[in-house]
Amino acid sequence: MFGIKKSDEEYYNLSMQSFESGEYEKSLEYINIAISIKPLNGDYLFHKIKVLVEMEKYEEALKVLDTMENMYRNDPEIYSYKSLCYYSIEDYQNSIKYADLSIAIDHNNGTAYYIKAISLKKLRRFNEAEKLLETCLKLDITDSDAHSELARIYLDVGQEKKALSEAKLAIKYDKENEDAYDTLLSIFEFDDEPENYIETVIQAVANTGELKYMHKLNDFLKEWGLQKTGEEMYNSYIELNPDVPFFYDLLADILISEGRKDEAYSTYRKILKNGDIFTYKLWFDFLMENGEYEDAVEEIKRFGMEDEEILISLYFAYDGLEDYENALKNAEKILNVYKNEAGKFICAVQLNNMKKSDEALKYLDSYKSADDFEKTYEYFRSYLYKKDYEKAMGYMMVLLDLADEEGIVSVFCELVDNSDSDLVYKFLNFDHRKDFNQIFSLLKSIAKGVYTNYEDASKELKDSEYFDCEDLDLLKEDFNGKAKDFIEKYMDSECYDEYKEE
């Protein structure tokens, strides 16, 4: 009666049940016991891979896949999973390699075609990705993800009508496809009829249940000057749902955008009286998003409760106030108390802000993450501040491939403030993607104004076909230091009164 052990099959079944109910930690625990009893059971190993993928433990999954590859030669499903895992850790070349191995064995493997396509898309090889996605759709016309990815490619290369058609097909076959809604919203954002954007948001919320789209709607309404529409909409929602904090948050955001700060705060205090911690976190986020950093610090301290999310909010509040010492203290607490791996990164950011580059590099070297733009940018800053220009320029070359327009501006401003004109002009003369021609023309004018001849740079900018005073007024907040000083000086002397610094 006592000490009766479960069989490996029973543990496998328990793992399957836990997996189906979304309890992945339990599922992993059970399947590991089953494997310990029968280490080479293919079904058990395959199930473990699926659990690890759901848990986003891709490197662990790859180790199991290596074992399975030795056991089952030329299995297309193993290669597909390896392709997926490599894609997920941003190793796109290996992802393509294993997708090709899978396709070579099974020419009808839609999953392998799809993963190869999205890897090619990440490498900006759009034509190849497009052809593979079309192959996916020949195999299965109802593949919503393939339609969605194809829509995004068409949008990236400027074929808006095709992008619109593919995004609508993606939603036809899967009403919960968030990527497709995002593509539609990117198209309708600049449409002459704002109703298309508003209707798409309402459809997206209804079908996905994701309230993030309402934040997108608020940004859109503010940009189009349709705050009154938003105010009426949210007041009606609050009347129907008086206990839902989210609608108060949206209404307060609309009010503060019109300069009605007291009304916005009053709207929030209606739900803070009896609010729970979730409501307070919304309040802190609201203050942060609207740049009310001093109020955020005061309110977080007044609330008197602390968890990881609240500490992160407090960290960003101090960062917004450029109080780097207190920001660093919070980053260290997030790292040490909550064992948050990202804490290493934000420690590095603040140490760089304080020009303590050697300490920043120690955190960056120990931070286990893919080499994305943010991490590469901090390496660039660290070596730039150390005046190790050779290494700084090496990271800068990587940044040129990763950056968007705002990222390019950030790199330029750092170079202008922390190096010399030779380094800045090396940066400006590097080959760059054609879609950055406009911003690079502006940066070259700014560099001329900072280093050589303000009058020539001013004339050059005035004659520019790309930028007028209104454009510069929108762009200047992306700049800082000497570069921003140049723009403000230019605007003060050349632009109309409504674009001058208040």
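Read the figures in this text as sums done on the coordinates, not as results from a lab. All values reported here derive from a predicted model rather than from experimental measurement. Please note: Cβ atoms are built from the backbone with ideal geometry, for glycine as well, and neighbour counts cover all protein chains shown.
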Cα-Cα over 30 Å, subset of Lys57/Lys344; Lys375/Lys426; Lys26/Lys273; Lys121/Lys175; Lys50/Lys97: Lys26/Lys273
- prompt: Which trypsin sites (Lys or Arg not before Pro) does segment 454-495 hold that lie in a coil by DSSP with at most 15 other beta carbons within 10 Å?
  reply: none
Filtered GluC sites (Glu not before Pro), segment 443-492: DSSP coil and at most 14 other beta carbons within 10 Å: Glu465
query: Taking neighbour counts of Cβ atoms within 10 Å as a proxy for exposure, in what order, fewest first, do Tyr12, Tyr237 appear?
result: Tyr237, Tyr12
task: Bin all alpha-carbon pair distances of segment 141-224 at 10 Å intervals from 0 and give each bin's fraction as a whole percent.
output: 20, 50, 28, 1
- prompt: Against the longest alpha carbon principal axis of the chain, how many degrees, from 0 to 90 and to the nearest 10, is the axis of helix 324-338 turned?
  reply: 10 degrees
- prompt: How far is helix 373-385 tilted, in degrees, relative to the longest principal axis of the Cα atoms in the chain, given as a value from 0 to 90 rounded to the nearest 10?
  reply: 50 degrees
statement: Read-out Rg and Dmax of the Cα atoms in Å, candidates (i) 26.5, 94; (ii) 21.8, 74; (iii) 23.6, 72; calculated match is (i)
field: Cysteines without a disulfide-compatible partner [the chain; Cβ-Cβ under 4.7 Å]
entry: Cys85, Cys136, Cys347, Cys413
Dipole magnitude of the chain about its Cα centre (Cβ charges: Lys, Arg +1; Asp, Glu -1), debye to nearest 20: 1940 debye
field: Cα-based Rg and Dmax for segment 276-340, where Dmax is the largest Cα-Cα distance (Å)
entry: 11.0, 30
Kirkwood Rh in Å, taken over all unlike Cα pairs in segment 394-502: 14.1 Å
- prompt: On the first, second and third principal axes, largest extent first, how far apart are the outermost C-alpha atoms of segment 229-272 in Å?
  reply: 26, 25, 11
- line: Subtracting the Cα-Cα distance of Met305 and Asp435 from 0.36 nm times their residue separation yields 42.1 nm
message: Can you give me the angle between helix 261-272 and the longest principal axis of the chain, using Cα atoms only, in degrees from 0 to 90, rounded to the nearest 10?
response: 30 degrees
- request: Can you list which of the trypsin sites (Lys or Arg not before Pro) found in segment 285-394 are DSSP loop residues with at most 12 other C-beta atoms within 10 Å?
  value: Lys339, Lys368, Lys387
query: Just how far, in whole angstrom, is segment 420-466 from segment 203-270 if you go by their alpha carbon centroids?
result: 41 Å
- request: Would you mind calculating the relative contact order of segment 22-129 from Cα pairs under 8 angstrom and at least 6 residues apart, reporting the percent as a whole number?
  value: 17 percent
task: Would you mind computing the Rg to Rh ratio of segment 322-393 from its alpha-carbon coordinates, Kirkwood style for Rh?
output: 0.97
